[in-house]
Structure formats: C-alpha cells, structure tokens
Amino acid sequence: MRSMTGYGVGRIENENYDLKVEIRSVNSRFTDINIRLPKIIFNLEESVRKSIKERISRGKLDVYINLNIYNSDNMKVKANLELARNYHSALSSLSEEFDIQKPIGLSDLYLREGVLEVHQVENDSTFYKESILETTKIAIDTLIEMREEEGKNLKEILKKDKSILYKMVCDAEERAPKVIEENLKKIEDKIKSIISEEKLDIQRLTTEVTIMADKLAIDEEIGRLFSHLSQFDSIIESNEPVGRKLDFLVQEINREINTIGSKSTNVEILSLVVDMKSQVEKLREQIQNIE
C-alpha cells in the first residue's frame with residue numbers, strides 16, 4: 001500500500017551535460033501529471049509522461065526536468081545582420097549629428113542587444129532521450145520508495161481505526177435484540193391505541209407484529225458490517241493500488257450504519273451510530289491519502 005504523497009529525484013551528470021529530474025506528488029482523485037522541461041527536449045514530454053503512468057496510478061504529480069549543457073557543440077551563435085545594420089545606421093546618424101569623428105567599431109555593434117543570438121541546436125532531443133528516461137526512472141524509484149514508506153504508516157493508522165470501529169460493531173451486535181424488543185413494543189402500543197381490546201385478535205396481532213418488527217431488526221446490517229470490515233483487512237494487505245477500493249468500501253460501511261440509525265430509537269444504539277460514523281470519517285480522511 002502506498003501513500004500519494006512523496007518526493008523523488010534522479011540525476012545524471014557527465015562531461016556534456018547535467019540532467020536532473022524531480023517529482024513531487026500529492027493527493028488527487030485521478031492521475032494528473034504536470035511536466036516542466038527545457039525547450040530543446042520539449043518533444044520528449046509524452047515519453048516522460050508515459051514512463052510515469054506505467055508505474056504511478058494515482059496522484060497529482062509535478063515533474064521538473066532541468067538540463068544544463070556543457071558541450072559547446074550543442075550551441076550555435078548567429079548574427080542578426082538586419083538588426084546590426086539598423087544599429088550602424090543609428091550610430092552613424094548620431095556621429096553626424098554631433099560631429100563625432102570616432103569611427104564605428106565592431107564592438108559598437110556586437111555588444112548591442114540582439115545582434116548576436118545564441119541558439120541550442122534543434123532536433124537534438126534524441127541525444128538526451130535515453131538519459132532522460134533513465135533519470136526519470138531513478139526519480140520514480142525514489143518517489144515510490146517514499147510513498148511506500150508513508151503507506152506503511154498509513155496502514156498502521158487504518159488498522160488501529162478499523163479495530164476501534166470493529167469493537168463498536170460488536171457492541172451494536174450485543175444491543176441488537178433490544179432494537180427488536182423496543183420496536184415490537186412500540187408497534188403493539190400503536191395498534192392497541194387504535195383497536196379496542198375486545199376486538200383484538202391477540203394471536204394474529206402477535207404474528208403481524210413479529211413480521212413488522214423483524215423488518216426493523218438490524219441483524220442483517222451488522223452482518224454486512226462484519227463482512228465489509230473483513231474485506232477491509234484483505235484490501236489493505238494488497239500490493240496493488242487500493243485507494244479507490246477502500247473509498248468505495250467505506251461508503252458501503254457508512255450506508256449500513258445510516259440504516260441502523262434509521263431503524264432504531266434505542267439511545268445506546270443511536271449513540272453507537274454517532275460514534276461509528278465519526279470513526280468512519282477518520283478512516284475516510286486517511287484513505288484520501290492512499291494511491
């Protein structure tokens with residue numbers, strides 16, 4: 001089990017370049033990958049995205065790729081002749097206007113902004129592709145390692161919170177017979193208030209009341225809760241991403257607890273329902289961090 005929060009970094013440095021990939025991840029319902037990289041390797045973005053998606057199934061990831069090139073063979077200097085002519089013309093006009101006899105030199109032109117332009121050689125991204133994917137792999141490895149370590153901590157928290165909820169369900173199971181008794185008594189009192197004693201068929205009333213009270217019993221809900229909690233134990237031991245499964249399971253647990261609350265007016269049961277819903281909310285908050 002992994003957390004969705006983590007940080008990973010990979011780096012490769014040689015005589016030609018220094019390449020660094022950083023990945024930061026936080027919680028998200030889906031997989032959201034934002035990649036920032038230099039223009040020279042811009043067309044490798046999808047390759048990087050694919051390599052991440054193959055190993056990370058959920059979370060918001062910010063990926064930063066920095067590439068510092070040392071080899072001058074990858075750089076090209078180009079003179080902007082048209083701009084240089086404009087500068088020369090402007091400088092000549094100034095010299096004539098103010099009667100300056102000093103000749104216009106080369107340094108007067110090439111030091112002007114934009115006259116010399118430095119470009120990285122285009123269509124050279126394939127030279128870096130293998131290194132970028134390898135560096136990304138290293139970053140993903142360290143990210144997963146951190147997410148797994150945090151996942152271990154989350155698992156222990158979930159086990160503890162689940163065990164508290166399990167104890168509450170056991171308490172509700174012990175008190176469940178009271179729900180039937182109280183519902184049975186309420187139904188009997190209601191019917192007796194409507195039908196006079198001398199016209200009341202006690203045997204038939206008992207049968208009908210028993211059927212109605214059985215519909216208001218909470219045994220089935222408690223049974224499903226125990227089943228869901230057993231599934232919970234199995235899921236958190238899985239090595240696969242389990243966040244969505246746990247989120248769905250907690251919704252089902254909460255639904256059963258709500259049903260118990262709607263069926264009962266017993267003070268002890270209703271108090272347990274409030275406590276169980278609070279405990280489920282704790283589980284839900286932790287599950288939001290799981291991949």
Estimated distance in nm for a label pair at LYS53 and GLU174, the labels positioned 7 Å out from Cα along Cα-to-Cβ: 5.3
For VAL115, solvent-accessible area (1.4 Å; no DNA, RNA or ligand), Å²: 10
Linear extension gain, SER278 paired with ASN68, 0.36 nm per residue minus alpha-carbon span: 70.4 nm
All-pairs Cα distance distribution in the range 17-117, expressed in whole percent, bin size 10 Å: 12, 27, 17, 14, 15, 10, 5, 0
Candidate lysines - alpha carbon under 28 Å from LYS263, same-chain residues fewer than 8 apart omitted: LYS162, LYS167, LYS178, LYS185, LYS186, LYS190, LYS192, LYS215, LYS245, LYS277, LYS282
Largest to smallest principal axis extent of the C-alpha atoms in the chain, angstrom: 132, 45, 25
C-alpha long axis of helix 243-263 to longest principal axis of the chain, angle in °: 30
Length released on extending from ARG224 to ILE100, taking residue separation times 0.36 nm less the Cα-Cα span: 34.9 nm
Estimated 222 nm signal from helices in the chain, with DSSP H stretches of n ≥ 4 weighted -39500 (n - 2.57), rounded to 500: -20500 deg cm²/dmol
Accessible-area composition of the range 75-120, carbon plus sulfur, in percent [1.4 Å probe]: 55
Per-residue HN-Hα couplings for the range 84-93 [Karplus 6.51, -1.76, 1.60; θ = phi - 60°; Hz; x = Gly/Pro]: 4, 4, 5, 4, 4, 5, 5, 5, 5, 5
Model label zone, GLU285; criterion: amide N under 12 Å from point 7 Å along Cα-to-beta-carbon; scope the range 235-267: none
Cα gyration tensor shape of the range 75-120, rounded if a/c is under 1.5, else prolate or oblate by comparing a/b with b/c: prolate
Proximal aspartates and glutamates to LYS76, defined as alpha-carbon separation beneath 14 angstrom and excluding residues fewer than eight positions away on the same chain: GLU117, GLU122, ASP124
Under DSSP loop assignment and at most 14 Cβ neighbours within 10 Å, longest chymotrypsin sites (Phe, Trp or Tyr not before Pro)-free interval of the chain: 99-291
Nonlocal amide H pairs with ILE35, under 5 Å, H built at 1.01 Å: VAL63
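The values are calculated or read from the model by the stated rules, or taken from the named source; none is laboratory data. Worth saying up front: this structure is predicted, and the values here are computed from it rather than measured. Don't worry about glycine lacking a Cβ; one is built from the backbone with ideal geometry, like all the others, and counts go over all protein chains shown. These accessible areas exclude ligands, DNA and RNA; they are computed on the full protein's heavy atoms, side chains included. Shrake-Rupley method; radii C 1.70, N 1.55, O 1.52, S 1.80 Å.
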